[in-house]
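The values are calculated or read from the model by the stated rules, or taken from the named source; none is laboratory data. Given the structure is predicted, the values throughout are model-derived calculations rather than measurements. All accessible areas refer to the heavy atoms of the entire protein, side chains included, with ligands and DNA or RNA removed. Shrake-Rupley method; radii C 1.70, N 1.55, O 1.52, S 1.80 Å.
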Amino acid sequence: MKAFKDYDTTTTISEIPKLPAGAYDCEIIAAKVAAYTGKDGTIYEKLEIAFDIVAGEFAGYFRHQYDALTKEDKKWKGVLRLSVPTDDGSDGDNWAKRILKTCIEAVEDSNSGYHWDWDEKKLKGKAVGCLFRNEEWEYNGKTGWKAMPFRFLSLDDVHACKYKIPNDKPLNKPSAPVTVNSIAAAAVEDADDELPFWG
């Protein structure tokens, strides 16, 4: 067999263990507000918080995953995306407010002396717990399951196991009946599925 020229510098395939659904100690590494265009052309914003697991068997999970990627446009996958409320008074917007406040209070409770002042950049370096749930994915005709960030919770709640792992989230089936309530819920809960990973 003829040796290929860059054998010594070619990276090998590394096996990354599958992250189970559950709650983990994390540290926020960056945060930003990003604007997106919806299918109907409307602009909406997300507070995107990138983090990594810092304790236990899966410490450094997203760093290892990122480092193992070889493609040029690799992206950080440990990101919690929260809808930025618009104050439009809708049920979906009120739900987005509740989710955002729950996550921000989890950061406050996990960092003595920290108080949210609406500057998302100050979230960097803060400790927080993150709860993951299993979500089904589909890509190029293949499907599978992976644990995805669901919401933040305080480190005290993580350590005391004061949380319930959310139900698994299967792919939306096109044959399911569509109702007004399901559309409102999907706007809040499922919007993340179409967003790109952290850039």
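Subtracting the Cα-Cα distance from 0.36 nm times the residue separation, let me have the gained length for ALA68 to PHE4 in nm, one decimal.
Values: separation 64, 0.36 × 64 = 23.04 nm, distance 2.16 nm.
The span from ALA68 to PHE4 would gain 20.9 nm if fully extended.
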(request) Output the pairs from LYS74/LYS169; LYS71/LYS97; LYS74/LYS164 with a Cα-Cα distance over 29 Å in this structure; if there are none, say none. (result) LYS71/LYS97; LYS74/LYS164
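Quick check: with the 1.4 Å probe, what order do TRP76, TRP145, TRP95, TRP118 take by accessible area, largest first?
Working: TRP76 20, TRP145 100, TRP95 120, TRP118 185 Å².
These residues rank, largest area first, as TRP118, TRP95, TRP145, TRP76.
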